[in-house]
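Comments concern the structure below.
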Amino acid sequence: MSIDITLLLRENIRNLKPYSSARDEFSGDAAVFLDANENPFNTPWNRYPDPHHRQLKERVSQIKKVLVSKIFLGNGSDEPIDLLFRAFCEPGKDNVVSINPTYGMYRVAADTNNIEVINVPLGIDYLLDTEAVLKAVNSDTKIIFLCSPNNPTGNALDHKSMMHIITEFKGLVVVDEAYIDFCPEKSLLPLLDHHSNLVILQTFSKAWGMAGLRLGMAFGSPEIIEVLSRIKYPYNLNILTQHKALELLANEQIKSKWVTTILKERDKMVKNLLTLPFVIKVYNSDANFILVKMDDPRGIYNYLVEEKIIVRDRSSIALCKGCLRISIGSPEENATLIEVLEQLV
């Protein structure tokens, strides 16, 4: 599917002239830099970072098999989420459609930008209701948000259902794949070139263990990436993040090892939880966490806090009544959790 992205843009964004930094006007090697009002001492931290993240994008391009022109790097995935609202949604007029329950930052970014969110509940076992999503769309809908694997439910959304939405909707479809490294075969990234309205979000926070670096990715058509790059803060990724990420991305094998361990531990965790009489159901997960329905979830949560074990109480979230969300930790951490829960039996 091909659409004209410029027709979806806010008029002021279409006409915006981006800020031009010293590093935009010159990039490369030189003996003396006197162009950016930097302190000449304390090398290399005295220099502004590359605003275009050239080296880092090249490495991401190699790992993800995506052209550099289709990659945006941000301060976590939250930055491109906010930028998509700012670029394509007119405050007080446009709206977005989102599944429910899902990642809470879509709502926060929408509220911050004064954009209405139309929520579409997931079906039984958190399945995607394709027709309900498309029916919720109206003439002011600019973006549909789909999180797959979804947070907090953990399940990857049905591939055909997502593709039906992408091909039918005339606006942007943002598929948030923050947890896709735990089920890479379910990624839509290989289809990016065939759908100009598709934006895919991924992150280095989960499988790569870089949550503290705040490094997220957005993949889309060159036209969409150009818009996001034009309106972002000039130096959105600091030099420490860029350097450390390049260092960590040099070793893909360790990431693969971590993922394998986490998936094995997830299966073991599910098996052990299902032996506990107060566990009603463990929902299917394609991520590095599980959603568990329990008797007295708040009481169990408080008990775990007293034992210095922290999980997430999601029982107040739509369609998650009675549920705790449990991240998969190290083998030792997971064993400790089960041991402590078994003391309640």
*So which trypsin sites (Lys or Arg not before Pro) in region 277-345 are both in a DSSP loop and have at most 14 other Cβ atoms within 10 Å of their Cβ?*
Lys308, Lys321
*Angstrom value of the Kirkwood radius, inverse mean 1/r, which spans all Cα pairs in region 253-342*: 13.4
_What does the extension gain come out to for Ser330 and Gln343, with contour length at 0.36 nm per residue minus their alpha carbon separation?_
2.6 nm
*Which whole-number percent gives the relative contact order of region 253-342, counting Cα pairs below 8 Å spaced six or more residues apart?*
28
*Over region 1-156, what relative contact order in percent results from Cα pairs under 8 Å that are six or more residues apart?*
19
_Unpaired by the 4.7 Å Cβ criterion, cysteines found in the chain_ = Cys89, Cys147, Cys183
*Within the set of other residues whose C-beta is less than 13 Å from the C-beta of Asp295, count the net charge using Lys and Arg as +1 and Asp and Glu as -1.*
+3
*Segment Arg54-Ala211, extension gain: residue separation times 0.36 nm, minus the distance between their alpha carbons*: 54.4 nm
_the chain: calculated mean residue ellipticity at 222 nm from DSSP helix runs of at least 4, using -39500 (n - 2.57)_ = -10000 deg cm²/dmol
_Need the full-extension length gain, Ser69 to Lys170, defined as separation in residues times 0.36 nm minus the C-alpha distance. One decimal, nm._
34.1 nm
_Distances longer than 30 Å among the Cα atoms of the chain: what percent of all pairs is that?_
42
_Gap separating the Cα centres of region 17-62 and region 129-173, nearest whole Å_ = 38
*If you build a Gaussian network model of the chain, linking Cα atoms that sit under 10 Å apart, which residue out of Thr153, Thr275, Thr141 swings the most?*
Thr275
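Read-outs throughout are calculated quantities, based only on the coordinates presented, and are distinct from any laboratory measurement. The shown structure was predicted, so the numbers you read here are calculated from the model rather than taken from an experiment. Counting neighbours? That spans all protein chains shown, and the Cβs are built from the backbone with ideal geometry, glycine included.
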